[in-house]
Amino acid sequence: MSNEIKNGHDISIIRHSTAHLMAQAIARLFPDQNVQFGIGPTIENGFYYDIDMEHRLTDEDLAKIEELMKEIITQNIKVERKVLSRQQALDLFSKKQQKFKVELIKELPEREEISCYEQGEFVDLCRGPHVESTGKLRPFFKLLNTAGAYWRGNSDNQMLQRVYAVCFDSKEKLKEHLFFLEEAKKRDHRKLGKDLELFIFDKVAPGAPFFMPKGAMIYNALIDFMRRIYVKANYDEVITPQVLDTELWHTSGHYEHYKENMFFTYVENREFAMKPMNCPCHMLMFKHFKYSYRDLPLRYADFGRIHRNEKSGTLSGLTRVRTFCQDDAHIFVAIDDIESEVKKVLNEFFICYRHFNFKNIKINLSTRPPKRAGDDATWDKAETALKAVLEKSGFEYVINEGDGAFYGPKIDVEIADALNRYHQLGTAQLDFQLPERFDLKFTNKNGEIERPVVIHRALLGSLERFFGVYLEHTGGAFPFWIAPIQAVIVPIAGDKHLAFAKEVEGKLSRLNFRIKIDERNESMGLKTRQIQQNKIPFMLAIGDREIEASAVSVRKYGEKTSETISVDNLIAMFTELDKEKSPIEMRGL
């Protein structure tokens, strides 16, 4: 028999029906818990169900639920749709003491049809559709884990248990996806960050990473990488304050529209806020001086630290934090120069992402939203300019109608990592609103006063988030140029070979390579395994033969064989590899 489901149902119907199957199994397994069911929607690759009960589900419970689900499939229980009046629905779910369902029913529009699906003893409020019986389903699912989730996503509501599951229409697809999840688990940046001693988190500063020396080295290397691009692309780096009077945030509009995401304090009875973004500071800097068309485009780059009061439930390692730094820039241009400047920014995107070995790149163009600032003529000009750049670039792009910012259209760039998961990193956003709010001006070619347009631009985006994404992309095996330790020298016979090891280390360190000597009194086998576990690019072994030849035995990370290379050739090889700290387009600067 084929592993494919042959009943003709769409995969979303299969997943939704399997969510009901799981809910029925939970209710059967815990009959004394009066399990309260919230919602159980389908999601990418599967579904989840929010439930409330006193017992906290464990991995052992999930395994039992899975087995019971498979048993219910074999029972081939008929699944029936029933249409209820509003009062019938309220009576039914009130009798079953399902308070969340009662709440949902009460909020339905008066004339909306209310339906439920019944399979044996289990009844669920649902629009459907579903399979005709549990026997139409197949055991190509896996319950993954539980997590806390506020009822209806509101932190003021009760915390529920959310059970996540994946579900497919074939055994092969399930197996493939579970393999993917195992690989993702191995690459989880939170695990790698701890194992490789890159960063830590502590309850004293929720959502704020502590970068250890190795992590700080990588972090600073990312900033240095961006600075090389800035030199070539004519950006001027600025430094701006972190705490500013709320008068600035009223002017920018953030106080009215972003207040709940900001941290506030008082200084001499005046209210101040920690900046959640750099743009108002850059507007203020532009306003302090007089500029003409000859000064534009003016490009301000800022590595200033910013703070956002993210809800604790949304924090996730480095990918969602409360304090971070962006490779942030704001470009002040005349409206007629938007196309040429965005073309340069687009080129910068691809220089960055290809250098970090991200091969699959998606581009999205988000156009004017219903609620927006500015007139249609200005929006027409801005959107036309962005479309023209994308058309001439030769890259495919998707238009997200109405998804632009209220102040202007934008280009967002997504990259696929080694596991083909897409992450939105770069953005180029046109802004007509802030120049208006700050009354920014410049003198055009005709001697007339004109208002600039601002391009908000980030390439890597949040350095913390990029660090996490890139760590998972590489699995912690960083390229030579950015690896915190580039090579470990191992004297085979300890003190006998240590003097030459220190001589080699000295030559490499004077050339600014990051080298360590492993002088521990441990076996070569143990040292080799630990160097591999730490994903260090090179292990350099030194014994009698190497000293006689003024050479080292080189073993690359991930390889099982070694080769003997003279010290001079080793230096030449490392020098060539280190050139990768600059993109090809930037070398020679």
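The stretch between His257 and Lys78, if pulled fully straight at 0.36 nm per residue, gains 59.3 nm over its current Cα-Cα span. Across segment 319-334, coupling constants 3J(HN,Hα) worked out from phi with the 6.51/-1.76/1.60 Karplus curve, θ = phi - 60°, read 7, 8, 10, 9, 9, 7, 10, 10, 7, 8, 8, 10, 10, 9, 9, 6 Hz, and Gly and Pro carry x. Listed values for segment 336-352 are Karplus-derived 3J(HN,Hα) couplings in whole Hz (6.51 cos²θ - 1.76 cosθ + 1.60, θ = phi - 60°), namely 6, 9, 4, 4, 5, 6, 5, 4, 5, 4, 4, 5, 5, 3, 6, 4, 5, and x replaces Gly and Pro. Per-residue ellipticity at 222 nm, computed for the chain from helices alone with -39500 (n - 2.57) per DSSP H run of at least four residues, works out to -11500 deg cm²/dmol. With the convex hull drawn around the C-alpha atoms of segment 11-178, the volume per residue stands at 114 Å³. Summary of the geometry: segment 284-333 and segment 539-554, compared by the centres of their Cα atoms, lie 49 Å apart. Taking a Cβ cut-off of under 14 Å around Phe272, the surrounding Lys, Arg, Asp and Glu residues balance to a net charge of -1, with basic ones at +1 and acidic ones at -1. With a cut-off of 13 Å between beta carbons, the residues surrounding Ile200 carry a summed charge of +2, where Lys and Arg count +1 and Asp and Glu -1. Amide H contacts under 5 Å for Ile399: Leu365, restricted to partners 5 or more places along the chain or on a different chain, H placed in the peptide plane at 1.01 Å from N. Taking K and R as +1 and D and E as -1, what net charge do the other residues with C-beta under 14 Å from the C-beta of Ala458 add up to? Result for the neighbourhood of Ala458: -4. Over the chain, Cα pairs under 8 Å with separation of 6+ residues give a relative contact order of 10 percent. By the rule of a C-alpha distance below 16 Å, with chain neighbours fewer than 8 residues away ignored, the lysines paired with Lys441 are Lys287, Lys290. For the chain, the dipole from Cβ point charges (+1 on Lys and Arg, -1 on Asp and Glu) about the Cα centre works out to 580 debye, to the nearest 20. Amide H contacts for Thr564 (H built 1.01 Å from N in the peptide plane; partners 5 or more residues away or on another chain; cut-off under 5 Å): Val554. Bridgeable lysines around Lys362 (alpha carbons under 19 Å apart, same-chain partners fewer than 8 residues away excluded): Lys343, Lys344, Lys387, Lys392, Lys410. Computing FRET efficiency as 1/(1 + (r/R0)^6) for Glu112 and Asp10, where r is the C-beta to C-beta distance and R0 is 30 Å, gives about 0.80.
May I ask you to sort Thr367, Thr58, Thr134 by Cβ crowding, counting other Cβ atoms within 10 Å and putting the fewest first?
Thr58, Thr367, Thr134
Excluding residues on the same chain fewer than 8 positions from Lys64, give the lysines whose Cα lies under 25 Å from its Cα. Cα-Cα hits under 25 Å: Lys78, Lys96, Lys136, Lys142, Lys171, Lys173, Lys175, Lys185.
Taking a ≥ b ≥ c as the square roots of the eigenvalues of the Cα gyration tensor, an a/c ratio of 1.5 or more together with a/b no larger than b/c marks the chain as oblate. I'd like the distance between the alpha-carbon centres of segment 483-537 and segment 108-145, rounded to an integer number of Å. Segment 483-537 and segment 108-145 have Cα centres spaced 61 Å from each other. Here the peptides 80-87, 454-461, 417-424 are ranked by packing, the mean other Cβ count within 10 Å, and the order with the highest first is 454-461, 417-424, 80-87. For Met212, the residues whose modelled amide H falls within less than 5 Å of its own, excluding neighbours fewer than 5 places apart on the same chain, are Phe199, Ile200.
FYI, it's all coordinate maths here, none of it is from the lab. What you are looking at is a predicted structure, and each value in this text was computed from that prediction instead of being measured. Reconstructed Cβ throughout: ideal geometry from the backbone, glycine too, with neighbour counts over all protein chains shown.
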